[in-house]
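Okay, so here's the structure we're looking at.
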Amino acid sequence: MKRALITGVTGQDGAYLSEFLLKRGYEVYGLLRRSASSDVVAERLRWLGIQDDVRLIDGNLTDISSLIRALQEVKPDEVYNLGAQSFVKASWNQPLLTGNVTAMGAGNLLEAVRLVAPGARFYQASSSEMYGKIQEARQSESTPFYPRSPYAVAKLYAHWLTVNYRESFGLHASSGILFNHESPLRGIEFVTRKITDGVARIKLGLADELRMGNLEATRDWGHARDYVQGMWLMLQQDEADDYVLATGRTTSVREFCRMAFAHVGLDWEAYVKTDSTFLRPAEVEVLMGDASKAQRKLGWAATTSLEEMVAEMVEADLARHKARGA
Ligand code: NDP
Ligand code: GDR
């Protein structure tokens, strides 16, 4: 039976990846950082009904000793580094924390793997945010990076360190450059989930408007369930490498609003207001990925359409609010 250690197990991708690996017979261990709100930390695992199947180990990416202990205990075949301060907007207010967790945390984990578990296969959660101010209309593994936020700068450090540890020490370390992927388990602060939650509230009479930032930004949105399969496929290859995962379709925030409101029969323009509070000091205007390498080498392709995902997310938020008595 294979063993996997996942950092960021309580996040969106950690939950779906745990579910995916459990279905394939893995023993799944997740690194859990200590929180005063311990009753809610495993909410996403609970939502998927796997909270009792994932073994949680105390640790923090900023504390290398905890990572060394976790690796000694688990002896993993595969290590997935999904842990991060992952909200781009927050990275301008907490740039150094973002650097400590998202950049140095990956460095701590790579060092710990090199020292304790050099035979383990390693996955780094890199991001399309690294392309930032895009240098090519479609971004692939060979497109130059131009990060536009402290978050993206931190991810770039982690990405290149992963490449460097592969080339320097022969680690089986792969970096997945993933474009935005969403789901009903997406954090409420990210734009898609903010919109689908807003739609549900408005439909149920709990709110009468939705305040948004830049509606013109466009993103290449896929479904997290598809993307965790791609992470796993990267670690099943004989050679470690870097891969873009994306749908190849880009859609504006404005259009996402239209689709989500239309799903419940409402006109988005009657409810969405723009609010400068949600603008960013520097914006990533457009992202559109080219995942042809992943398609060719991994046999991976996104399978969930944006329309299907919007419907699933709106329905899940309606159900959540109804369950709370709305
Ligand atoms: P989430 O924000 O949902 O999850 C982040 C996870 O990191 C949480 O489990 C969080 O724990 C954990 N974490 C935060 N700080 C620490 C720390 N100091 N030590 C250990 N764990 C910590 O992110 P996603 O699931 O959406 O994304 C997974 C990864 O993929 C992230 O690295 C993200 O940056 C990257 N990524 C995501 C994309 C997306 O579209 N979703 C696209 C490209 C990359 P807690 O619950 O305690 O806060
Ligand atoms: P992003 O995701 O920054 O792409 O990072 P987010 O959903 O936060 O923003 C996407 C775009 O929507 C615009 N936007 C708003 N965003 C938020 N959060 N709230 C708003 O009200 C709003 N209005 C407009 C943003 O300006 C932006 O252009 C996500 C994270 O998961 C990262 O961790 C990951 O690396 C990248 O995706 C790929």
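Pairs meeting the criteria (first residue in segment 262-287 and on the phi > 0 side of the Ramachandran plot, second residue open to solvent by 50 Å² or more (accessible area, probe 1.4 Å), beta carbons under 8 Å, at least 6 apart or on different chains) are lacking.
It is to be established whether one or more residues within segment 136-154 are in a helix (DSSP H, G or I), without any contact (Cβ under 8 Å) to a residue 60 or more places away in the chain, open to solvent by less than 20 Å² (accessible area, probe 1.4 Å) and within 15 Å of ligand 2 (Cβ to nearest atom).
To start, the set of residues in segment 136-154 that are in a helix (DSSP H, G or I) comprises 150-154.
Filter again for without any contact (Cβ under 8 Å) to a residue 60 or more places away in the chain, leaving 150, 153.
Now drop any that are not open to solvent by less than 20 Å² (accessible area, probe 1.4 Å), which leaves none.
Within segment 136-154, none of the residues are in a helix (DSSP H, G or I), without any contact (Cβ under 8 Å) to a residue 60 or more places away in the chain, open to solvent by less than 20 Å² (accessible area, probe 1.4 Å) and within 15 Å of ligand 2 (Cβ to nearest atom).
Among the residues of segment 38-66, the ones that are in contact (Cβ under 8 Å) with a residue 60 or more places away in the chain and either within 21 Å of residue 162 (Cα to Cα) or near ligand 1 (Cβ under 9 Å from one of its atoms) (or both) come to 1 in all.
Where strands (runs of 3 or more DSSP E) sit wholly within segment 197-301, those with at least 2 residues that are surrounded by fewer than 18 Cβ atoms within 10 Å (Cβ to Cβ) occupy 272-274. Of all residues in segment 76-100, those being more than 13 Å from ligand 1 (Cβ to nearest atom), assigned to a helix (DSSP H, G or I) and surrounded by 16 or more Cβ atoms within 10 Å (Cβ to Cβ) number 1.
Is it fair to say residue 177 is within 13 Å of ligand 2 (Cβ to nearest atom) and in contact with a Phe, Trp or Tyr (Cβ under 8 Å, 6 or more places away or on another chain)? It is true that residue 177 is within 13 Å of ligand 2 (Cβ to nearest atom) and in contact with a Phe, Trp or Tyr (Cβ under 8 Å, 6 or more places away or on another chain). Residue 157 - would you say it is assigned to a helix (DSSP H, G or I), within 16 Å of ligand 2 (Cβ to nearest atom) and open to solvent by 30 Å² or more (accessible area, probe 1.4 Å)? For residue 157, the condition - assigned to a helix (DSSP H, G or I), within 16 Å of ligand 2 (Cβ to nearest atom) and open to solvent by 30 Å² or more (accessible area, probe 1.4 Å) - is met. For segment 86-99, does any single residue satisfy the condition of being at pLDDT 95 or above and touching a Leu at 6+ places or on another chain (Cβ under 6 Å)? Within segment 86-99, none of the residues are at pLDDT 95 or above and touching a Leu at 6+ places or on another chain (Cβ under 6 Å).
The values are calculated or read from the model by the stated rules, or taken from the named source; none is laboratory data. Everything numeric here is computed off the predicted structure, so don't read it as measured data. As a convention, Cβ positions derive from the backbone with ideal geometry for all residues, glycine included, and neighbour counts pool all protein chains shown. Accessible surface areas use protein heavy atoms only, side chains included; no ligands, DNA or RNA. Shrake-Rupley method; radii C 1.70, N 1.55, O 1.52, S 1.80 Å.
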